[in-house]
Amino acid sequence: MTLLLVIGQWSFAQGTKREKPNIILILADDYGYMDIQEYAKHTLGTDKSKMFYETPNLDRLIREGVAFDRAYATMLCAPTRSSILTGKYAARLGFTTATPYEPTYYNQGLKVPKGSYINDVIYHSDKIPIEQALRNGSSNTGVPSGTKYDNGVDETSIAEALPDYNSVFIGKWHMGGHGAQGYTPANQGFKSIAWYDAGSSPYFNWRKLWNNKSMKRHPNMPQKEWMIGNAGEETGENYLTDDLTVQALRFLNKQAKVKEKPFFLYFCHFAVHGPWQGKKEDIEHFKNKKTKGWNGQGDARYAAMIYDMDKSVGEILDKLEETGLDKNTLVIFMSDNGGIDNDVNPQGFITNNDPLKGGKACLTEGGVRVPLIFRWKGKIKEGKWSKIAVGCTDILPTIVEVAGYNPKSLYTKEDIDGRSIWGLMSDVKNKKKTYTRNTHYWHYPFNVIYNNPYDGLPLTPHSAIMEGNYKLIFDWYGKLKLFDVKKDLSENNNLAKKMPDKVNDLFGKLITWLDKDVKKTYWPTLNPDYNSAKEVRDVPFIDLVKIYRNGEDVAKAAN
C-alpha cells in the first residue's frame, strides 16, 4: 500500500530548498556491536592495532558521520527486518522469531485457525532435552501486503512511504512467508535486483538455490511457482558478498547516469550469518594474525566474512565518490541483531560481545544492542556519537523525514511505533527534544537452544521493556532482572530486589503493551506435559502473569 505523505518544505540552510537526497540503507546480519573496531575502541578504549577483526571502511563511516552507542534491534533477524520495513514493533506484526522453511498455514494449504494469520508457522521448536514449563508461541513469516489472504490488512512499507523514489532491494528478504506469492520485495514497493527469502544462504554456489521455482518442498502452496528468490544478473563473482556488491555498484552506475528520480537502495547482506564461509585467502590471513584471540574473538572464518563485508561498504562509498553521488546520498549502516556470542552459542565459538552480556537470541545488551551509523558527506556532523537510545522501528520515519515528507502522518494514520531520529544528527544529545521516545519493548515467546547467559541452560520465553536507562527483562519461567544499562553495560547488577516499585511499574507497562499490541497466538502458554519433578533449574516455575492478573506483588513473588 502506498501512503501519500504530506511533503514539507525543509532545508539544511535556512531558506534554501534542495533536491531530494538518495538514500542507501545497508543491513548486516548477526553482526555484533563489538565487531566494528571503532565501536570496540569507543567502548573499551583499546588501540585498534591490538584487535583481531579489521573494519577500516566501517571505521571511516563512523569518522565521517554520526554513530549511536545505544541503538537497538530485536534479538533475531526476521523480526528486525519487519520492524525496519514497517516502523512497527515486530511482535505487533507477529514476527516473534526467525524460522527456516517451516510449515505455515499458507504453504500447507490449511485453514487458518481463529486468531492466527495465514503466514504463521504451525509450530516452531528447537530440540531441547530438558523440561519446559511453557510451550512456544507462534510467529508470523510474511508481512501483510494486501493479498486476498490478508483480510484487508496492507502494511505500508518503507519503499511505499517514498512514492517519489526509485526503491530497489538487494539481498536477504526473510519476511515473505518463505516463498509465498504476493509477499516478495516487489509486493512491498521495491524493484528487486537480487533477493532470497530465507534466513541463511551458502556463500558459494548459491545461484541455483535462489533461482529455484520448484514446488516440491511445499506442493500444497496455492501458487504455480515457488517465489523464494532471484539471483539476479551474472557478475562473475564466486562469493556471495562480492556478487551482491557488484550488483549494487552496477545499480549506482546506472543511477549516476539517469538521475530521473532519487533512489532508495536497501542492501541486506547475508554476511555475517552462518554458514561461516570466507574466501580462502582471507581466512589464511586471519589464521596467522598475531592478535587472534583478542577479547575472545578468534574465528578466522568469521573475521574473513567481516573483512569482506567491510570491503563491500568501502566499495559503495568509493562508487558514490567516483560518480559524484556522495554529494547527495545518505548512507545508513545497521545490524539486525547482536553477534553470536561464544557463551550462548551451542554450536561453538564464533564471536564474543564482551563487555555486553549475551548475544543473538538474548534480550540482554549483547543480543539487541547493535551498531547504527549515519553518513552524509558534507551534510551532517562528522565523527560524532549519540548516547540516546533509539530503535530499529525509528529507521522508517527517519528516512521519510530525510526524503522531505512529514513523518507525523505515519505516527497517526499508520500508527507506527518508531519516531524520526533525524534531529539527532545535528543535536546528538537531544537537547532540543526532537526525538520523543523513551520506552522500547521486546517479545520472544520461545524456548530455544541458545543458552541463557546467566545460568547456561536453554533460553526460555522472554520479554523486556526499557524505559530511560532502566531495562526490565521478564523471563516467563518466573524470573525478573532489572538493570541500569547506562551504569551497568554488562548487566551484572540485578536491581530487581532493591527496586521493587520500579519492577512492578515496568512489569505492569510491559503486560499492558503485550495485552494491547500482541495477539495471544504469539504468547507462550503453559505446557500441560510439564513435569516439575524433572526440572533442572534451581528455582521453581512461577506464573508471574497470573500473579499480576490477581493483583499481587510481582516483584516480591519472582525468583
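The values are calculated or read from the model by the stated rules, or taken from the named source; none is laboratory data. Since the model is a prediction, treat every value here as computed from it, not as a measurement. Here the Cβ positions follow ideal geometry from the backbone for every residue, glycine too, while neighbour counts run over all protein chains shown.
Observations
- Residue check for S125: within 29 Å of K413 (Cα to Cα) and either in a loop (DSSP other than H, G, I, E, B) or in contact with a strand residue (DSSP E or B) (Cβ under 7 Å, 6 or more places away or on another chain) (or both): no
- For region 222-238, the set of residues classified as closer than 21 Å to H174 by Cβ and under 28 Å from the mean Cα position of the chain (by Cα) consists of W226, M227, I228, G229, N230, A231, G232, listed by residue number.
- Of the residues making up region 34-52, those that are surrounded by 24 or more Cβ atoms within 10 Å (Cβ to Cβ) and not in a helix (DSSP H, G or I) are I36, F52.
- Whichever residue in region 365-406 is part of a strand (DSSP E or B) and touching a Leu at 6+ places or on another chain (Cβ under 9 Å) and, among such residues, is modelled with the lowest pLDDT: Y405
- Region 493-507, residues that are more than 31 Å from the chain's Cα centre (by Cα) and among the acidic types (D, E): D501
- Residue check for Y31: farther than 24 Å from V168 by Cβ and either in a helix (DSSP H, G or I) or at pLDDT 95 or above (or both): no
- Residue identified as part of a helix (DSSP H, G or I), among the acidic types (D, E), assigned by TED's automatic domain parsing to the domain that holds K377 and at pLDDT 95 or above among D59, D69: D59
Results for (1) touching a residue at least 60 places away in the same chain (Cβ under 8 Å); (2) in a helix (DSSP H, G or I); (3) out of contact with any Phe, Trp or Tyr (no Cβ under 8 Å at 6 or more places or on another chain), shown as yes or no for each residue.
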site: L244; (1), (2), (3): yes, yes, no
site: K261; (1), (2), (3): yes, no, no
site: V272; (1), (2), (3): yes, no, no
site: E284; (1), (2), (3): no, yes, yes
site: T291; (1), (2), (3): yes, no, no
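- In region 98-110, the condition of being under 21 Å from the mean Cα position of the chain (by Cα), under 21 Å from A73 (Cα atoms) and surrounded by 24 or more Cβ atoms within 10 Å (Cβ to Cβ) is met by at least one residue.
- For region 506-540, the tally of residues that are in contact with a strand residue (DSSP E or B) (Cβ under 7 Å, 6 or more places away or on another chain) and loosely packed, with under 11 Cβ neighbours inside 10 Å stands at 0.
- Verdict on G404 being free of Cβ contacts under 8 Å to residues at least 40 places away in the same chain, small (G, A, S) and either touching a helix residue (DSSP H, G or I) at 6+ places or on another chain (Cβ under 7 Å) or in the same structural domain as D354 (by TED's automatic domain parsing) (or both): no
- Meets criteria (modelled with pLDDT of 95 or more, among the small types (G, A, S) and in a loop (DSSP other than H, G, I, E, B)) for G171: no
- Condition met for N493 (more than 22 Å from R437 (Cβ to Cβ) and free of Cβ contacts under 8 Å to residues at least 40 places away in the same chain): yes
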